[in-house]
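Enquirer: One structure coming up, written as structure tokens, with questions to follow.
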Amino acid sequence: MSANEYGVVEQSAIAGWDEESDVVVVGMGSAGSCAAIEAAEAGATVRVLERASGAGGLTASAAGHLYLGGGTRVQKAVGVEDSVEDMFTYLLENTPEPDEAKIRAYCEQSVEHFDWLVAHGVPFEDSYHREKNVVQMTTECLIESGNEAAWPFNQHSKPAARGHKVAMEGEAGGAKLIEQLLASAEKNGVKIQYDVRVTQLVRDGDRITGVVYRTTEGDRTARARKAVVLAAGQFGMNAEMIDARCPRLADDRIEKQGGTFDDGAGHQLGEAAGGVCDHMDGALLTSPFYPPEQLLYGILVDKNGKRFVNEDSYHSKTSIRCTEQPDGIAYLIADDSFYAYPLFQWQPLVDAWDDIADMERDLGMPSGALQKTIADYNRYAEQGDDPEFHKTAKWMKPLTNPPYAALDLSLGKAHYVGFPLGGLRVSIDGEVLREDGSAIAGLYAVGGCASNIAQDGLGYSSGTCIGEGTFFGRRTGRHVAAS
């Protein structure tokens, strides 16, 4: 569906309502599910309109990490000390344009949110995956899932593992989360219609009062006595929107991640009603060169043989920095003492050399440049200090054992994937806001089509999208029911 097919129609043009409920939720992913559950548990009648043939959205294909902290049951069980203030400071520093009230609420109520998920059947194992990894393929729960232990964030808050993975092997955690939320929604009387597409919001004066949605039998209308909640996901599958609004992902050499229906429908409906979008250029972008974690001993260099980032950073940060280098060229340099092929096999091995000067020449680098970079780095590593990029001593090791290998992280050579993070500007309670800050009565947004904490891949931590989506989805559901 093209952008101009999503819009707003005046209620006066509607002959009559085909269905009525207190709340209409557009989308049954994790955020929409939580909004529906909380609204229903607060006494509202809820109808969900879902485009796919079942619940899930992008969450259903995710590993199922949620970024939670401040002393959850799992953190305490495995001996990870964490506080609300450390979590708050970390997220505040990682967010380009932080809304302190939102971040404060998320951190202060993080333990309660974890307990709510458990009470609604979502399983978490009291275990800790201690390796530096992108996703643990076991049922282990807790993982360091961001830049917590990397500079500069480790200078201002105590690092703590906060990535909580739903207790399923492999990458089935997101599907299990959806399964449990769906069961809870159905138990609470939420009515769900699948294979239907919301095409228009209905407006009466300044208030959104319902939706028009398309079925195989034709268009129908659904009245929302209290509010419409947009939970339609992100816009990674809309090439036009990506090209126009998210240049970081516009490169054809980057694979866009998203569900079939992540076409920005919620964004477009919200904007048609007078809302505005924020951080549309923000994106998670990654080509993780670890695991195995030992590859973090290596150094990342550009085509001129110069380092450009602390290599122990979260994989989205290092990946984005790689793509920002001249001509998008970057290499990971390793020596024989720790070299291993990346588990995901997304970066090709260029070659191996017994001499740094030969590597430098064959990679087309200026004479002496890579030799100087490695000599300087080796001197720093011997001292356990990195004055240039502040890589932590744990991951510093002199590169002195030939042969030396180069893995290619260049755009067009390595496999890169990404998804956008921008969404509608919303209040802490999910109200869609106009440019002047006023709320559009009767219209809310959550999850991938709302902008809350996750704004940019440089400061992203795995689990933030599902964590904040479910958290603010719940908060929105309660607010809508009380409206």
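Values in this text are rule-based calculations from the coordinates and carry no lab data. Here the structure is a predicted model, which means the values were calculated and not measured. In this analysis, Cβ positions are derived from the backbone assuming ideal geometry, glycine residues included, and neighbour counts consider all displayed protein chains.
Enquirer: Given +1 on the Cβ of Lys and Arg, -1 on the Cβ of Asp and Glu, and no further charges, what dipole in debye does segment 288-414 carry about its Cα centre, rounded to the nearest 20? Could you put the intermediate results ahead of the total?
Expert: Working: 12 positive and 20 negative charges, 73 e Å.
Result for segment 288-414 is approximately 360 debye, rounded to the nearest 20.
Enquirer: Let me ask something else. To make sure I understand the rule: partners must be lysines, Cα under 19 Å from the Cα of Lys226, and not fewer than 8 residues away in the same chain. Which ones qualify?
Expert: The qualifying lysines are Lys191.
Enquirer: From the backbone phi of segment 306-312, what are the Karplus-calculated ³J(HN,Hα) couplings (6.51 cos²θ - 1.76 cosθ + 1.60, θ = phi - 60°) in whole Hz, Gly and Pro given as x?
Expert: 9, 6, 8, 6, 7, 5, 8
Enquirer: Using helices alone, I'd like the mean residue ellipticity at 222 nm for the chain: each DSSP H run of four-plus residues gives -39500 (n - 2.57), total over residue count, nearest 500.
Expert: Working: 12 runs with 127 residues, N = 483.
Per the formula, -8000 deg cm²/dmol.
Enquirer: Per 0.36 nm of contour for each residue apart, how much would the distance between Ala250 and Ser53 grow if the chain were fully extended, relative to their Cα-Cα spacing?
Expert: Details: separation 197, 0.36 × 197 = 70.92 nm, distance 2.92 nm.
Roughly 68.0 nm would be gained on extension.
Enquirer: Could you give the distance between the Cα centres of segment 1-80 and segment 425-479, to the whole Å?
Expert: Here the two parts' Cα centres lie 12 Å apart.
Enquirer: Of the cross-linked pairs Lys158/Lys394; Lys176/Lys394; Lys158/Lys391; Lys303/Lys397, which ones have a Cα-Cα span greater than 24 Å in the structure shown?
Expert: Values: Lys158/Lys394 16 Å; Lys176/Lys394 35 Å; Lys158/Lys391 16 Å; Lys303/Lys397 22 Å.
Too far apart for the 24 Å limit: Lys176/Lys394.
Enquirer: Mind running the shape call on segment 288-414? Use the C-alpha gyration tensor, a ≥ b ≥ c as the square roots of the eigenvalues: rounded below 1.5 for a/c, prolate if a/b tops b/c, oblate otherwise. Write down the numbers at each step before the final one.
Expert: Details: a/c = 1.22, a/b = 1.05, b/c = 1.16.
Rounded.
Enquirer: Note the angle between two axes, namely the Cα long axis of helix 110-119 and the longest principal axis of the Cα atoms of the chain, as a number of degrees from 0 to 90, rounded to the nearest 10.
Expert: Taking the Cα atoms of the chain, the angle to 110-119 is about 60 degrees.
Enquirer: Give, rounded to the nearest 20 debye, the magnitude of the charge dipole that segment 48-104 has about its Cα centre when Lys and Arg contribute +1 at Cβ and Asp and Glu contribute -1 at Cβ. Intermediate values should be presented prior to the final figure.
Expert: Details: 5 positive and 9 negative charges, 79 e Å.
Roughly 380 debye, rounded to the nearest 20.
Enquirer: Also, I was wondering about something else. What is the angle, in °, between the Cα long axis of helix 173-187 and the longest principal axis of the Cα atoms in the chain? Nearest 10 is fine, range 0 to 90.
Expert: Relative to the chain, helix 173-187 is tipped by roughly 10 degrees.
Enquirer: Obtain the nm distance between the two label points defined at Val118 and Asn401 by a simple spin-label model: each point lies 7 Å from its Cα along the Cα-to-C-beta direction.
Expert: Placing both labels 7 Å along Cα→Cβ, they lie 4.2 nm apart.
Enquirer: Oh, and also: With the crude spin-label approximation of a point 7 Å out along Cα→Cβ, what separation in nm comes out for Asp219 versus Ser337?
Expert: My value for the distance between the label points is 7.0 nm.
Enquirer: Can you figure out the FRET efficiency of Ala482 with Lys76, using R₀ = 41 Å and their beta-carbon distance, to the nearest 0.05? Spell out each step's value before the answer.
Expert: Numbers: r = 33 Å, r/R0 = 0.79.
With a Förster radius of 41 Å, E is 0.80.
Enquirer: Averaging over all projection directions, find the projected area of the Cα convex hull of the chain and quote it in nm² with one decimal place. Before the final figure, lay out the partial values.
Expert: Working: hull surface 87.3 nm².
Here the figure is 21.8 nm², rounded to one decimal.
Enquirer: Please give the FRET efficiency for Glu93 paired with Glu10, using the beta carbon to beta carbon distance and R0 = 41 Å, rounded to the nearest 0.05. Working shown, then result.
Expert: Working: r = 45 Å, r/R0 = 1.11.
With a Förster radius of 41 Å, E is 0.35.
Enquirer: Here's a follow-up. If we count every other residue with Cβ under 9 angstrom of Ile299's Cβ, Lys/Arg +1 and Asp/Glu -1, where does the sum land?
Expert: On the way: positive: Arg307, Lys391; negative: Glu311.
Every neighbour counted, the sum reads +1.
Enquirer: Using 0.36 nm per residue of separation minus the Cα-Cα distance, give me the extension gain between Ser438 and Ala239 in nm, one decimal. If you can, show how the numbers build up before the last one.
Expert: Details: separation 199, 0.36 × 199 = 71.64 nm, distance 3.05 nm.
Length difference between fully extended and current span is 68.6 nm.
Enquirer: Hey, if you put +1 on the Cβ of every Lys and Arg and -1 on every Asp and Glu Cβ in segment 128-239, which of Gln155, Thr138, Leu181 ends up farthest toward the positive end of that dipole?
Expert: Checked the options; the winner is Leu181.
Enquirer: If you line up the long axis of helix 464-482 against the longest principal axis of the chain, both from Cα atoms, how many degrees apart are they, to the nearest 10?
Expert: With both axes taken from Cα atoms, the answer is about 20 degrees.
Enquirer: Can I ask one more? Please compute the length gained on full extension between Gln345 and Asp281, using 0.36 nm multiplied by the number of residues separating them and subtracting their Cα-Cα distance. Before the final figure, lay out the partial values.
Expert: On the way: separation 64, 0.36 × 64 = 23.04 nm, distance 2.80 nm.
So the extension gain works out to 20.2 nm.
Enquirer: How would Met87, Met365 line up from fewest to most surrounding beta-carbon atoms within 10 angstrom? Please report the intermediate quantities before stating the final value.
Expert: Working: Met87 25, Met365 21.
Ascending Cβ contact count within 10 Å gives the list Met365, Met87.
Enquirer: Relative contact order, percent, of segment 288-414 when contacts are C-alpha pairs under 8 Å separated by at least 6 residues?
Expert: Values: 234 pairs, mean separation 45.2, N = 127.
Averaging sequence separation for qualifying contacts and normalising by length gives 36 percent for segment 288-414.
Enquirer: Sticking with this structure for a sec: Over the chain, what is the mean sequence separation of C-alpha contacts under 8 Å (at least six apart), divided by residue count, expressed as relative contact order in percent? All intermediate terms of the calculation are to be shown ahead of the outcome.
Expert: Numbers: 1230 pairs, mean separation 112.2, N = 483.
Averaging sequence separation for qualifying contacts and normalising by length gives 23 percent for the chain.
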